[in-house]
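Working notes for the structure below.
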Amino acid sequence: MLITDPLFYLIAIPVVLLTGISKTGIPGLFGGMAVPMLSLVIPPLHAAAIMLPILCFIDLFGLRTFRGVYDRRNMPILMSGLAIGVVIGILVFGLVRQDLLRLVIGAIAIAFALNNIFGWAKKRPPAKTSWPIGVFWSSLSGLTSFLAHAGGAPIMAYLLPLRLDKRAYIGTMVWFFFASNYAKIIPYLFLGQLDTSNLVTALVLLPFVPIGVRLGVLIQGKLNDGVFYQISYWALLSIGIKLIYDGMTHL
């Protein structure tokens, strides 16, 4: 049945708004934060199930905003890796401890972000498109997204060093997670992650989606590329810290 706890909605409404901003404004800024924030008031698996329909709905707005905008060299690479990651996620669902997964991904995110904020990566030329590297990171993103809704850090670790045009970067992220989220629907149904209560609660929150998406579009339109990427690296660092915290808390 529908969640009626006011505290849940006090947290859930800002979460939906921030998720909308993240999808079309600064991808990764709030990515991976929705489930941990909702987990303050409901169980994590319950939170993940509620967020999936909302993410799928937000993705439709992102596709409209970034229709045809993505990096064509990397999209085949990313889709190949995503398929691998989702299949692995289906096979190992229920076997992998999510706290350990969060620790691994959090450590990767922190190391990558610090290297780009303070280290030698700031001075190196843009990375080149790579099938092996791209498939590795995108498959890891697909796997962690399926298991823990934490796919932002791995895909950012591959895309950010390429230093794509800002709109191309955002569009690529939007299309990648559109494919990732919709690929989860049928497996989640069979795994019992979606039920009437979760779907009805998600439906109540859907009206807040277009507000967050619009705010995201306004934000990204006012940032130059340098500021945009600095915010993205700091966002990745914050995601990594949060994942480490979550993993340590539940060990």
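Derivation of every value follows stated rules applied to the coordinates shown; laboratory data play no part. Remember, predicted model here, so these are calculated numbers, not experimental data. Cβ sites come from the backbone with ideal geometry, for glycine too, and all protein chains shown count toward neighbours.
Structure data summary
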| item | result |
| --- | --- |
| Folded to 0 to 90 degrees: helix 209-220 orientation relative to the chain principal axis, Cα | 20 degrees |
| From phi via Karplus (6.51, -1.76, 1.60), per-residue ³J(HN,Hα) for segment 163-180 in Hz, x at Gly/Pro | 6, 5, 3, 4, 5, 5, 5, 4, x, 5, 4, 4, 5, 4, 7, 4, 4, 5 |
| Qualifying trypsin sites (Lys or Arg not before Pro) for segment 167-251 [loop in DSSP, other Cβ within 10 Å: at most 13] | LYS222 |
| Proxy reagent accessibility, fewest Cβ within 10 Å first, across SER22, SER139 | SER139, SER22 |
| Order of ASP5, ASP99, ASP246, ASP71 under a 10 Å beta carbon neighbour criterion, fewest first | ASP5, ASP99, ASP71, ASP246 |
| Lys/Arg +1, Asp/Glu -1 at C-beta; the chain dipole; positive extreme among MET33, VAL135, THR19 | VAL135 |
| Ranked VAL15, VAL92, VAL69, VAL86, criterion: other C-beta atoms within 10 Å, fewest first | VAL92, VAL69, VAL86, VAL15 |
| Share of pairwise Cα separations in segment 32-180, more than 28 Å, in percent | 19 percent |
| Proximal lysine pairs, the chain, alpha carbons under 17 Å, eight or more residues apart or interchain | 4 |
